[in-house]
Amino acid sequence: MKGYLRKDGRKGIRNVIVVAYLVECAHHVARQIVAEFSGQEVHLIGFSGCAPNDYAHKMMQNLCTHPNVGAVLLVSLGCENFNRHRLSKHISESGRPVEKLVIQECGGTLTSVQKGKEIISNFFSELKKVEKIDFKLTDLMVGTICGGSDATSGFTANPSIGKAFDKLVAEGAICMFEEPGELMGCEHLMAERAANEEVGKELVACIKKADNYYKKMGHDSFSAGNAVGGLTTIEEKSLGSYSKSGSLPIKALIRPGEIPTESGLYFMDVIPDGDALWGFPNINDNTEIVEMIASGCHIILFSTGRGSVVGSAISPVIKVCGNPKTYQNLSGDMDINSGKIITEGASLDELGDEIYILIKDVIAGEKTKSEILGHQEFSLGYKYFEYGKKNCEI
């Protein structure tokens, strides 16, 4: 396996160009630039608001300097509060080519799109200069998320991912899971697996924070689709979600944008700190995917029972389908059929090995189904976190 060497010593499994808009007013121009390179590794990301907080700055900095990113075009309207100069400086210091395109200074939509196309074309020649070196599992970071869960998810797809996680961590990789709002009732199980007492207390406090958050909002993380799919309670859904984490010790709790530097299993707290100010901690699955990517994940394992067709910008998404009927119906979007546990008597270990092998193939360049189909979804939430409390690279 080979990877793209970056200035900070990290290695990417892809070498994408990112076009990042810094306010919603610049979104259309950025999208038009990316549209000119359909089918190529040019990905659109961005921040919709005008005034970012520390969380938004951290997300955009980490995403634009992710190991899978080779070059960045920042698209600014010109009068937004997002500090484009600060972000550009951060990207430049990471050793990546970066350009700023300011619409108000470039003559408007048409001239800005044309200029952006020229910049992207020049980036392609720059990307050819990036050194490729050996990529080992000790260089790898993998995250996992559920989406469209049903009654099959908890005993097929999710524990299959858990088996793959155990195997990856044992070989020196970094793995992370999240969704505290879908782990209600599992806090004592998580605490028992904590690497030490302090981590155990943090895990329990995180789930309690999620519980309080949802109580203030008047709902929990249980959808109508979950019920139609055969799940009955949030606790039942939680136990299935928890099985994605495998069986190894939980090394630490991290927040979005904190990058673990040591091999092991990590839990991500995606529930904002402070008072509950939003209806959902994450407005959709892709928001959590983006947060794991901002914490360094090269690949995302997406478990689904009902079916989900989303992918992501920057990092490949591997779909692990737990329901054999869903896999048959959506086979063009699914990568792994964990439903074979039901229909063919396959074991969890066999499915875990299948996921593990596919991860290595994706590192080596094989495209996931969502990559082949051109899925590059991106969603950035607006949150508040108290950073600086963890032993992670921030």
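Glu291 falls short on exactly one of the conditions (1) open to solvent by 10 Å² or more (accessible area, probe 1.4 Å); (2) among the charged types (D, E, K, R); (3) under 20 Å from Glu377 (Cβ atoms); (4) assigned to a helix (DSSP H, G or I), and that condition is (1). Here Leu44, Leu5 are screened, and the one residue that is in contact with a strand residue (DSSP E or B) (Cβ under 8 Å, 6 or more places away or on another chain) and open to solvent by 40 Å² or more (accessible area, probe 1.4 Å) is Leu5. Quick one: would you say Phe124 is within 18 Å of the chain's Cα centre (by Cα) and in a helix (DSSP H, G or I)? Taking the combined requirement at face value, the residue does not satisfy it. Show the residue pairs that are 6+ apart or on different chains and have beta-carbon atoms under 7 Å apart, the first residue being within segment 202-230 and under 21 Å from Cys146 (Cα atoms), the second being modelled with pLDDT under 85 and β-branched (Val, Ile, Thr). Pairs that qualify, where the first residue is under 21 Å from Cys146 (Cα atoms) and the partner is modelled with pLDDT under 85 and β-branched (Val, Ile, Thr), are Asp220/Ile234; Ser221/Ile234; Phe222/Ile234. Note on segment 344-388: among residues that are surrounded by fewer than 19 Cβ atoms within 10 Å (Cβ to Cβ) and among the β-branched types (Val, Ile, Thr), the one that is farthest from the chain's Cα centre (by Cα) is Ile357. Scan segment 21-36 and give yes if some residue there is assigned to a loop (DSSP other than H, G, I, E, B), open to solvent by 20 Å² or more (accessible area, probe 1.4 Å) and over 30 Å from Leu358 (Cα atoms), otherwise no. Yes. Pull up segment 69-83, narrow it to residues that are touching a strand residue (DSSP E or B) at 6+ places or on another chain (Cβ under 6 Å) and closer than 26 Å to Tyr4 by Cα, then point me to the one that is surrounded by the most Cβ atoms within 10 Å (Cβ to Cβ). Ranking the candidates gives Val75 first.
The condition (being among the β-branched types (Val, Ile, Thr), touching a residue at least 12 places away in the same chain (Cβ under 8 Å) and at positive phi) is satisfied by just one residue among Ile341, Ile318, Ile314, Ile336: Ile314.
Tell me whether segment 309-332 contains one or more residues that are more than 23 Å from Glu179 (Cα to Cα), buried (at least 20 other Cβ atoms within 10 Å of the Cβ) and not polar (S, T, N, Q). Yes, the conditions are met somewhere in segment 309-332. Among residues belonging to segment 333-343 that are more than 22 Å from the chain's Cα centre (by Cα) and closer than 16 Å to Ile161 by Cβ, point out the one that is least open to solvent (accessible area, probe 1.4 Å). Restricting to residues being more than 22 Å from the chain's Cα centre (by Cα) and closer than 16 Å to Ile161 by Cβ, the top hit is Gly339.
The values are calculated or read from the model by the stated rules, or taken from the named source; none is laboratory data. Keep in mind the model is a prediction, meaning the values are calculated, not measured. All Cβ positions, glycine included, derive from the backbone under ideal geometry; neighbour counts span all protein chains shown. SASA here: full protein model, heavy atoms, side chains in, ligands and nucleic acids out. Shrake-Rupley method; radii C 1.70, N 1.55, O 1.52, S 1.80 Å.
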